[in-house]
Amino acid sequence: MSTPTASDSEKLPIIFDDHTDPTTIELQYFIDTRIGKNTCKARCEFCFLDREHISDFHQDVEQAREMIDKLRAKGYKVVPIVSDSFAENGKYLRSGIFHNNDGWYMGNAAWSSGRPLLEDNYNEMLDLCVDNGIHTIIMTSHGTEDREREFKGLTQPSIVREAVRRIKEYTERTGWQLRIILTFTLSRRNSSAEDIRRYFDYCESLEVHVARFNQFADMRNTHPQLRMSPDDVSRTYRTLREVYDSRTGKVQLSVSEDFGFWGVEVMNFPEGVGHCVAGERLFGVVYPYVYACPVNLTVVSGKLTEDGDIAWDEAAYQRLMRAKDHPEFGGCIGVAYPHSPEIQQMLEPAVMKPELMDLEPAPAELAMPGLTWPGMPAARGSASYAVPVLGPALTPPDLATPALTTGSQARPAEAQPELVQIRLGRTQSTTTRE
Ligand code: SF4
């Protein structure tokens with residue numbers, strides 16, 4: 001993807017998060033979820049990766065590459081992710097794992113807090129973008145002024161501005177076009193037309209290419225006053241549209257799908273955008289677990305096997321589908337889960353907790369691709385605990401241990417043809433056991 005160029009008369013389309021292809025199952029595969037000194041060099045209060053069960057996770061890059069290759073060979077679209085693309089002094093970029101990684105709707109992109117680009121070796125880091133065919137760098141700008149947001153640990157806008165300056169200087173010197181996306185998180189407090197105009201003005205003054213907006217999720221349950229109501233979300237969609245339509249500058253608008261479906265019609269996005277397919281055709285992977293949403297990374301949908309299959313958890317899927325019918329679900333698990341105690345309760349049996357983690361992959365026998373549905377990480381005796389119907393050879397020794405590998409199956413996969421279609425994006429007639 002090249003740097004967008006727009007004449008004044010040409011309005012670039014609004015970028016949306018594109019998961020509209022029903023034949024694709026996308027796995028956002030996290031190789032390193034750590035934050036702090038070895039990766040993003042920051043520790044934002046609301047970082048979605050700052051969670052006990054994933055805070056120390058990093059996988060050997062060769063092991064990750066092997067698993068990614070296997071998953072791709074099975075037909076999954078796999079997007080490798082690390083908490084900061086420049087983590088470990090560029091180790092992941094040097095590994096080649098991001099080489100021409102163009103499958104993502106943003107194109108082959110690097111994302112960063114901006115802090116790693118303030119080190120002396122920033123030219124070397126940007127050279128690695130060239131080596132990997134990366135043309136986009138995404139950074140979060142927590143407002144336009146330092147200390148504008150009161151959250152702890154945030155990378156301040158002045159740091160991001162300096163990173164922008166260095167990226168632009170690099171482009172000028174080398175001719176390698178790098179499209180810069182700045183992301184702003186909107187809450188009840190900063191989603192007026194005036195705020196959004198200010199963010200666009202800021203992006204124009206820095207000559208970045210895209211202003212991206214996402215919705216505040218109160219991950220730690222500490223700022224309920226900032227959460228958006230359905231009306232706030234509808235109003236914000238309208239405001240984003242109106243402000244963008246009224247501007248003549250060249251900064252393109254990108255809207256995260258985490259705003260969901262309340263009022264999304266004003267955006268004229270393709271059908272389905274705003275109804276995130278997380279947990280259906282979009283997942284986050286933190287080895288060996290497959291999570292329903294790559295941002296929430298809380299609700300477990302399945303577990304990888306050594307062969308690069310996924311032992312899907314059918315009961316978790318059913319639970320998630322019921323949660324998506326709840327009136328407080330606005331289209332995004334990442335926002336609805338922290339904001340709705342009822343949705344949390346509905347999903348509780350599928351929620352990962354540190355004490356439930358074992359880092360072995362699931363037995364290969366549990367996962368014929370897309371056709372088997374092992375059991376829940378639910379404690380015995382809970383309503384969700386399904387009686388195992390797998391054969392004795394597949395029944396693990398200690399069924400009292402709540403873990404995904406204790407495969408149980410609510411009903412045979414053959415009884416669920418519509419789910420097979422959803423998982424694999426194929427009609428049932430093309431889905432065969434291997
Ligand atoms: S459900 Fe997850 S992946 Fe989908 S929009 Fe929300 S945060 Fe993003």
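The values are calculated or read from the model by the stated rules, or taken from the named source; none is laboratory data. Just so we're clear, the structure is a prediction, and the values are computed from it rather than from any experiment. Here Cβ is always computed from backbone atoms with ideal geometry, including for glycine, and neighbour counts include all displayed protein chains.
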Kindly evaluate Arg220 against the criterion of being basic (Lys, Arg), modelled with pLDDT under 95 and away from the ligand (no atom under 14 Å from the Cβ). yes
In segment 225-238, is there at least one residue being within 16 Å of the ligand (Cβ to nearest atom), modelled with pLDDT of 95 or more and surrounded by fewer than 20 Cβ atoms within 10 Å (Cβ to Cβ)? yes
Would you check if there is a residue in segment 240-256 being more than 16 Å from the ligand (Cβ to nearest atom) and among the acidic types (Asp, Glu)? yes
Determine if segment 90-106 includes at least one residue that is at pLDDT 95 or above, under 23 Å from Leu49 (Cα atoms), surrounded by 14 or more Cβ atoms within 10 Å (Cβ to Cβ) and among the aliphatic types (A, V, I, L, M). yes
Just checking, does segment 114-128 include any residue being in the same structural domain as Glu45 (by TED's automatic domain parsing), within 30 Å of Pro224 (Cα to Cα) and touching a residue at least 12 places away in the same chain (Cβ under 8 Å)? yes
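Of His275, His326, which residue is farther than 21 Å from Phe46 by Cα and within 10 Å of the ligand (Cβ to nearest atom)?
On the way: His326 fails: within 10 Å of the ligand (Cβ to nearest atom).
Every option except His275 fails the conditions.
With respect to Ala87, determine if the residue is buried (at least 20 other Cβ atoms within 10 Å of the Cβ), in contact with an Asp or Glu (Cβ under 6 Å, 6 or more places away or on another chain) and either more than 30 Å from Arg281 (Cα to Cα) or not aromatic (Phe, Trp, Tyr) (or both).
On the way: buried (at least 20 other Cβ atoms within 10 Å of the Cβ): yes; in contact with an Asp or Glu (Cβ under 6 Å, 6 or more places away or on another chain): yes; either more than 30 Å from Arg281 (Cα to Cα) or not aromatic (Phe, Trp, Tyr) (or both): yes.
So Ala87 fits the description; yes.
If we scan segment 273-288, do we find a residue that is in a helix (DSSP H, G or I), touching a residue at least 24 places away in the same chain (Cβ under 8 Å) and either touching a helix residue (DSSP H, G or I) at 6+ places or on another chain (Cβ under 6 Å) or in the same structural domain as Ile181 (by TED's automatic domain parsing) (or both)? If you could, list the steps in order and put the result at the bottom.
As a first pass, look at segment 273-288 and keep what is in a helix (DSSP H, G or I): none.
The answer is no; no qualifying residue exists.
Name the one entry in Asp313, Asp258 that is of a type outside the set (Gly, Ala, Ser), in the same structural domain as Ile333 (by TED's automatic domain parsing), touching a helix residue (DSSP H, G or I) at 6+ places or on another chain (Cβ under 8 Å) and surrounded by 24 or more Cβ atoms within 10 Å (Cβ to Cβ).
Working: Asp258 fails: in the same structural domain as Ile333 (by TED's automatic domain parsing).
None of the other options fit; the residue is Asp313.
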Restrict the check to segment 341-360 and report whether at least one residue is among the acidic types (Asp, Glu) and within 16 Å of the ligand (Cβ to nearest atom). no
Hey, among the residues in segment 313-323 that are part of a helix (DSSP H, G or I) and away from the ligand (no atom under 14 Å from the Cβ), which one's modelled with the highest pLDDT? Arg322
Tell me yes or no: at least one residue of segment 47-58 is over 19 Å from the mean Cα position of the chain (by Cα) and without any contact (Cβ under 8 Å) to a residue 40 or more places away in the chain. no
Within segment 338-357, work out how many residues are in contact (Cβ under 8 Å) with a residue 60 or more places away in the chain and of a type outside the set (A, V, I, L, M). 4
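Out of Thr236, Thr248, report the one residue that is more than 22 Å from Gln28 (Cα to Cα), among the hydroxyl-bearing types (Ser, Thr, Tyr) and part of a loop (DSSP other than H, G, I, E, B).
Details: Thr236 fails: part of a loop (DSSP other than H, G, I, E, B).
Checking each option against the conditions leaves just Thr248.
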Quick one: count up the residues across segment 257-272 that are closer than 24 Å to Ile138 by Cα and away from the ligand (no atom under 16 Å from the Cβ). 0
Flag for Ser205 being more than 11 Å from the ligand (Cβ to nearest atom), surrounded by fewer than 23 Cβ atoms within 10 Å (Cβ to Cβ), modelled with pLDDT of 95 or more and small (Gly, Ala, Ser): yes
Note: among Arg179, Arg189, just one is more than 16 Å from the ligand (Cβ to nearest atom) and crowded, with 22+ Cβ neighbours inside 10 Å, namely Arg179
